[in-house]
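K.L.:
Take a look at this one; I'll ask things after.
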Amino acid sequence: MPDKRVRSSANELKFRDPSQARALAERLADLCAEVGREPISLMHVCGTHEQAIAKYGLRTILPKSLDLIMGPGCPVCVTDMPEVDEAVVLAEDGALIATYGDMLRVPGTAKSLADAQAEGARVEVVYSAAQAVDLARSTQQEVVFFASGFETTAVATAAVALQDDLPPNFSILSAHKYVPPAMEIVAQIPATRVEGFVAAGHAATITGWGIFEPFVERYQIPVVVAGFEPLDILAALVRLVELIRDGTPAVSNMYPRCVTREGNRVALEQMWKVFRTAGGRWRGIADVPDGNLRLRPEFGHLDARLKFDIDMQRLWQLAPSALAERCICGAIMSGLASPSDCELFGKECDPENPVGACMVSSEGTCKIWYQYGGRPDL
Amino acid sequence: MMAKPGIGSQTREERVTLKHGAGGRAMRMLIEETLAAGFLDRSTEEIGLAALDDGAALRIGDRWLVVTTDSHVIHPVFFPGGDIGRLAIAGTVNDLAVMGATEVLGLTSAVVIEEGFLHSDLERIQRSMQETCREAGAKIVTGDTKVMGRGELDGIIINTTGVAIADAVVSDAGLSPGDRILLTGPIGDHGIALMAARRGLGLEGELRSDVAPLNGLIRRALDAANGAITAMKDPTRGGLASALTEMAEKSRVGIVIEEAAVPVTPVVRSAAEILGLDPFHIANEGVAVIGVRPEAVHAVLDAVSSHPLGRSCAIIATCTDEHARRLILDTGIGRRLLIEPEGEPLPRIC
């Protein structure tokens, strides 16, 4: 008699149903044949999508003519070296840095936060901005929340910044990024030839799908908002190729169970109350106008960049890692190269000793390839 | 071997880290390149260190003496579903059993205790060892005791060695294309229960380690198979992915795993998904992987399923001559490689 505690199906959730997945894959193959040229290059801009694609082996059932590229979809990966340097300097100068676990090993110019920690600096992993505030309440030490993430996470930081009676020893070093401008940058790179974008469902939950309308208008490239289960992703790809076949660039929401046109108004209001967009570099990719979220002047008292004099010159005098110069994370995140094109991948660079940020984060392309064995022909 | 340069420091000397003890690729490299160096004689038909199997099998006349040893350290010492005493007995009994040696001649027990360890805890561990021995039909025949200063170790270490005589031994390297692979029970219970207990995840009520002696269950499998069992292994540290990787590499076959067929309890599946962990990478202490020639697979399945520890036994995989030495996971939707973990799997942090 089978053990009642155990249900053997790994795919019992309806968004993981294999027979529906096969039906969608067949539909996708038919549509690609109707388009009739190859490759059809599509880009998703979210590490969670890449995780799901790799985990469920979706690439093995996609038509050969479809090239699904992962773009700059990992906020940890695009955190620039000088941003890491700021956190390292603050930690070395005696502040307690509270940050998300993925940020610890992201290499700065000369060292990572993990290196600083090994040398005696205090770095604490937190799961939320609110937890960083709790830390500040429990100590006299200056606590700096090194905040990373796209708009999905920025709203949580904003909610904390808007709280009354924050402890005076709490401040925020924002490395938050804002996705929509980065899609424009990628759309403008001629070599990528992206014909359609799969947009991240969780970010769109906040911003609403309406935010992509001006983009579609300007670049005449369709955008489909997708969820994170395998059927969500396949359905979004089907919709995207339909739009390409019909020559009707538009925004399409294939994640209606979470995403609305307007998004989460309360969260957006809070986010824009606290943050403004600013230009700045996304690591390895480009300067992205409006691609960074920085605290507004009204929140200057919480801004670690104003509160402290952060002298990064001393780090910049140290020799950068020679390996880092051979890292091609930037090209990978722009969709121009694969991890297998990198001479460091799996050799000098692995999750234990990451050279590039893409090998650090669970949303980084290189880490995901390492974890799931790349894209062999199975 | 040249030390691998780390980030920020090109000259950092390589040291042993926790990942070298986690049962994954790093541990195997450490053993092969350092600890077993000089003892890797492959010229004999006996199973020795070169085989890197669960234990050794030495010829005595026309029978085999099977020996295995294991040091047990675990935090916390008492955990949902078991304790270090039960683990120390079951772990060694199971290493013997998966080599085909299901009747234990005797066990040794060497205990290293930290100064200050509670007497009552020691008694509790001792009772647990006795009880597990009774379940396994085994007994401790000799032992050793040391006490070390406070802070010189974390609580207690128990080493057990097991010896048994077997008419035939089963290695972990005998798979051939076409062989089917049975998994005797659900995976992930032990590792997830430990992680939940360590981190206070609030899931502990439903999560229990599977730690148990499997020699009775494996005896049934061997009797039903009539010589058709080609390889066995217990997927402890490193999880099912590491155990199957070792079997695929040593047997030079590919293994195609049907994900939907692999038993995982709903609570372990949910906890793993929340923590960002893969049940295939999580340690087990009460299940075995059994490779069987196709004609005998249903007989073995029936025999194992009739044992209380084998009620959710399932056929999970098939060996192929394609993709030799690799694990292919059929997710029901598509296919991907299944990679063994590098070191200890850590819960996702953000």
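K.L.:
When the dipole is taken about the Cα centre of segment A:194-322, and only Lys, Arg (+1) and Asp, Glu (-1) are charged at their Cβ, what size is it in debye, to the nearest 20?
P.N.:
That gives a dipole near 360 debye.
K.L.:
Which of A:278, A:191, A:226 moves most in a GNM of chain A, Cα contacts under 10 Å?
P.N.:
Most flexible of the set in this elastic network: A:191.
K.L.:
Go through A:21, A:170, A:237 and say which Cα lies farthest out towards the positive end of the charge dipole of chain A; charges sit on Cβ, +1 for Lys and Arg, -1 for Asp and Glu.
P.N.:
A:21
K.L.:
Just to confirm my understanding: which cysteines in chain A have no other cysteine beta carbon less than 4.7 Å from their beta carbon?
P.N.:
If one checks each Cβ against the other cysteines of chain A, A:32, A:46, A:258, A:327, A:342, A:349 turn up with nothing under 4.7 Å.
K.L.:
Would you give the gap between the C-alpha center of segment A:103-117 and the C-alpha center of segment B:289-327, rounded to a whole Å?
P.N.:
So the two Cα centres are separated by 46 Å.
K.L.:
Which of A:213, A:363, A:50 moves most in a GNM of chain A, Cα contacts under 10 Å?
P.N.:
Highest fluctuation of the listed residues: A:213.
K.L.:
For peptide B:261-274, how many partner chain Cβ atoms fall within 10 Å of a residue's Cβ, on average?
P.N.:
Neighbouring Cβ atoms belonging to other protein chains average 2 per residue here.
K.L.:
So, one more: What is the sum of charges, Lys and Arg at +1 and Asp and Glu at -1, for the other residues whose Cβ falls under 12 Å from the Cβ of residue B:337?
P.N.:
+4
K.L.:
Rank-order B:219-230, B:69-80, B:27-38, A:347-358 by packing density, defined as the average count of other C-beta atoms within 10 Å over each peptide's residues, highest first.
P.N.:
Ranking, from highest mean packing down: A:347-358, B:219-230, B:69-80, B:27-38.
K.L.:
Moving on. Kindly put B:65, A:336 in sequence by how many other C-beta atoms sit within 10 Å of each C-beta, fewest to most.
P.N.:
A:336, B:65
K.L.:
Evaluate the charge dipole of chain A about its Cα centre and quote only its size in Debye, nearest 20, assuming +1 on the Cβ of each Lys and Arg and -1 on the Cβ of each Asp and Glu.
P.N.:
840
K.L.:
If you take the square roots of the eigenvalues of the alpha-carbon gyration tensor of segment B:53-166 and sort them as a ≥ b ≥ c, do you get rounded (a/c under 1.5), prolate (a/b over b/c) or oblate?
P.N.:
The shape class here is prolate.
K.L.:
Could you pull out every residue, at least 5 positions away or on a different chain, whose amide H is within less than 5 Å of the one on residue B:265? Hs are placed 1.01 Å off N in the peptide plane, and Pro or chain starts have none.
P.N.:
B:187
K.L.:
Can you sort B:285, B:258, B:45 so the residue with the fewest Cβ neighbours within 10 Å comes first?
P.N.:
In order of increasing Cβ crowding within 10 Å: B:45, B:258, B:285.
K.L.:
Which of the trypsin sites (Lys or Arg not before Pro) found in segment B:31-133 are loop residues per DSSP with 10 or fewer other Cβ atoms within 10 Å of their Cβ?
P.N.:
Answer by residue number: B:42.
K.L.:
Can you give the net charge of the other residues whose Cβ lies under 13 Å from the Cβ of residue A:196, counting K and R as +1 and D and E as -1?
P.N.:
Once all neighbours under 13 Å are counted, the net charge is -1.
K.L.:
Among the aspartates and glutamates, which have Cα under 13 Å from the Cα of residue A:55 when same-chain residues fewer than 8 positions away are ignored?
P.N.:
Candidates past the 8-residue exclusion: A:229, A:363, B:259, B:273, B:278, B:330.
K.L.:
What does the charge dipole of segment B:53-166 about its Cα centre add up to, to the nearest 20 debye, if the Cβ of each Lys and Arg holds +1 and the Cβ of each Asp and Glu holds -1?
P.N.:
280
K.L.:
So what's the Cα pair-distance distribution over segment B:225-318, bin width 5 Å, in %?
P.N.:
3, 12, 21, 26, 21, 11, 5, 1, 0
K.L.:
Indicate the gyration tensor shape class of chain B (rounded, prolate or oblate), computed on the Cα atoms with a ≥ b ≥ c the square roots of the eigenvalues: a/c under 1.5 is rounded; otherwise a/b larger than b/c is prolate and the rest oblate.
P.N.:
Rounded.
K.L.:
Then there's this: Just going by the charge dipole of segment B:53-166, with Lys and Arg at +1 and Asp and Glu at -1 on Cβ, which of B:122, B:82, B:164 is farthest out on the positive end?
P.N.:
Going by the charge dipole, the pick is B:164.
K.L.:
Within segment B:111-197, report the GluC sites (Glu not before Pro) that DSSP leaves as loop and that have at most 16 other Cβ atoms within 10 Å.
P.N.:
Qualifying residues, ordered by number: B:115, B:152.
K.L.:
On to the next question. Among B:190, B:119, which comes first, second and so on when ranked by fewest other beta-carbon atoms within 10 Å?
P.N.:
B:119, B:190
K.L.:
State whether segment A:254-378 is rounded, prolate or oblate according to the following rule on the C-alpha gyration tensor (a ≥ b ≥ c being the square roots of its eigenvalues): a/c under 1.5 gives rounded; otherwise a/b larger than b/c gives prolate, and the remaining case gives oblate.
P.N.:
Here segment A:254-378 falls in the oblate category.
K.L.:
Residue by residue through B:323-333, how many Cβ atoms from other chains fall within 10 Å of the Cβ on average?
P.N.:
Neighbouring Cβ atoms belonging to other protein chains average 6 per residue here.
K.L.:
Report the GluC sites (Glu not before Pro) located in segment A:69-156 that are in a DSSP loop and have at most 15 other Cβ atoms inside 10 Å of their Cβ, or state none.
P.N.:
Answer by residue number: A:119.
K.L.:
With the dipole of segment A:221-360 worked out from charges on the C-beta (+1 for Lys and Arg, -1 for Asp and Glu) around the Cα centre, which of A:249, A:278, A:359 lies farthest toward the positive end?
P.N.:
It is A:278, whose Cα lies furthest towards the positive end.
K.L.:
Oh, and also: Can you tell which of A:120, A:227, A:108 shows the greatest fluctuation in a Gaussian network model of chain A with Cα springs below 10 Å?
P.N.:
With Cα springs under 10 Å in chain A, the top fluctuation among A:120, A:227, A:108 is at A:120.
K.L.:
Separate question: How much net charge surrounds residue A:20 when only the other residues with a Cβ under 12 Å from the Cβ of residue A:20 are counted, with Lys and Arg +1 and Asp and Glu -1?
P.N.:
Summing Lys and Arg as +1 and Asp and Glu as -1 gives 0.
K.L.:
Can you compute the radius of gyration and Dmax for chain A, using only the Cα atoms, both in Å?
P.N.:
21.4, 69
Quick note: the coordinates plus some simple rules give every number you see, no bench work behind them. Owing to the predicted nature of the structure, the values given are computational and were not obtained by experimental measurement. Neighbour counts run over all protein chains shown; Cβ positions are idealised from the backbone, glycine included.
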